[in-house]
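A short write-up of the structure that comes next.
No lab work stands behind these numbers, since they all come straight from the coordinates. No experiment lies behind these values; they were computed from the predicted model shown. Note: ideal-geometry Cβ built from the backbone for every residue, glycine included; neighbour counts use all protein chains shown.
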Amino acid sequence: MRKVLALLLLCALVLPGLVFAGGQKEETVNPKVLEVQLIPSRDAAYLDAQRLPLQNLLKDELGMEVRVTVATDYNALIEGMASEQIHVGLLATTAYVLAADEGAAEAILKSLRYDVDDNGELLMDAPMVSGYKSQLIAAKDSGIKSVADLKGRKIAIASFTSTSGFVWPANLLADNGLNPESDVEWVNVGGHDNAVTAVYNGETDAAFTFKDARNLFSGESYYADLMANVVLVANTSFIPNDTISVIPRLDSKLKEAVRQAFINIAKKPEGLEIVRKIYNHEGYAPAQDSDYNEVRTYLERKDQWSF
């Protein structure tokens with residue numbers, strides 16, 4: 001998958017309009033309209049309803065025109081940043097590493113969230129954390145009590161490039177003696193919320209999601225019994241949080257302005273409400289590329305599998 005993505009990114013980098021006189025690229029990018037894009041880790045229609053409020057908040061903070069859109073998938077956002085048509089991407093962990101290693105993205109912030117216990121309860125009295133875990137959830141009556149029980153089962157995932165939805169889970173399976181290629185059936189359902197409902201509706205036996213994606217349905221009467229019927233089976237190890245990333249050639253002053261804008265937005269009640277709705281972010285902290293080296297290790301292992 002990474003080889004295919006690398007080819008796509010290479011093609012994107014030589015699109016017309018990126019090479020200027022004498023074959024040299026401009027030193028910096030200073031757009032009149034800042035293009036910001038969201039990954040579709042939740043239902044695209046839901047995210048589409050949140051993009052305009054975020055767009056308006058960013059316009060107010062930056063004092064410039066901003067356009068916020070929702071990518072069709074993870075790879076589309078990476079390709080958009082590689083071609084410099086997208087300037088700021090809210091990139092999930094694995095998507096960031098893939099983009100960064102192709103020279104298409106630079107992390108300026110990582111998200112902060114409250115940790116979650118095994119009952120799905122937010123630990124709001126504890127300090128916020130810059131990492132999270134993936135969880136294996138299954139139907140209560142599925143008979144799945146451990147990772148080993150997944151053999152021959154159908155598993156819902158948000159995306160094959162999702163860190164918590166696939167990369168960490170596939171490695172967890174391998175660590176427990178299962179072959180991620182042949183011992184299970186992966187079902188790409190296009191979002192963590194969809195993965196939860198796939199289990200709830202009996203479409204799959206289990207799912208891997210970020211912990212605890214079941215909370216996405218709290219307060220919805222239709223899913224009042226979801227927590228009782230979609231149960232936690234296992235957790236993965238710690239995963240670094242998702243990023244707010246920019247294209248490397250973005251003007252340095254604009255990079256800093258974007259960084260500060262997101263920090264400011266999360267500190268305001270109306271802004272915090274929006275970033276919570278989009279990706280459950282509670283705030284932001286400085287990020288550096290080395291924070292994601294363990295992801296690279298897991299991706300190298302994943303390269304041995306054909307997905």
For the chain, what does the relative contact order come out to in percent, with C-alpha contacts under 8 Å and a separation of six or more?
26 percent
Defining a contact as two alpha carbons under 8 Å apart and six or more residues distant in sequence, what relative contact order in percent does the stretch 131-239 show?
46 percent
Taking 22 Å as R0, compute the FRET efficiency from the Cβ-Cβ separation of SER182 and THR297 and round it to 0.05.
0.45
Limiting things to C-alpha atoms, what are the Rg and the maximum Cα-Cα separation (Dmax) for the stretch 131-239, in angstroms?
12.5, 39
If you plug each phi of the stretch 99-109 into the Karplus form 6.51 cos²θ - 1.76 cosθ + 1.60 with θ = phi - 60°, what whole-Hz ³J(HN,Hα) values come out, in order, with x for Gly and Pro?
5, 4, 6, 9, x, 9, 8, 9, 6, 10, 8
What are the ³J(HN,Hα) couplings of the stretch 202-213, residue after residue, when phi is run through the Karplus curve with 6.51, -1.76, 1.60 and θ = phi - 60°? Round to Hz, x for glycine and proline.
x, 7, 9, 7, 8, 7, 10, 9, 5, 8, 10, 5
ALA126-SER306 pseudo-label distance in nm [points 7 Å out on the Cα-to-Cβ vector]
4.2 nm
Helix-only [θ]222 nm of the chain, DSSP H runs n ≥ 4, -39500 (n - 2.57) each, per residue, nearest 500:
-10500 deg cm²/dmol
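Quick one: work out the % antiparallel among DSSP beta bridges in the chain, nearest 5.
That works out to approximately 60 percent antiparallel.
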Taking a 26 Å limit on the Cα-Cα distance, which of the listed pairs LYS211/LYS277; LYS154/LYS211; LYS59/LYS253; LYS133/LYS277; LYS140/LYS277 fall beyond it?
LYS140/LYS277
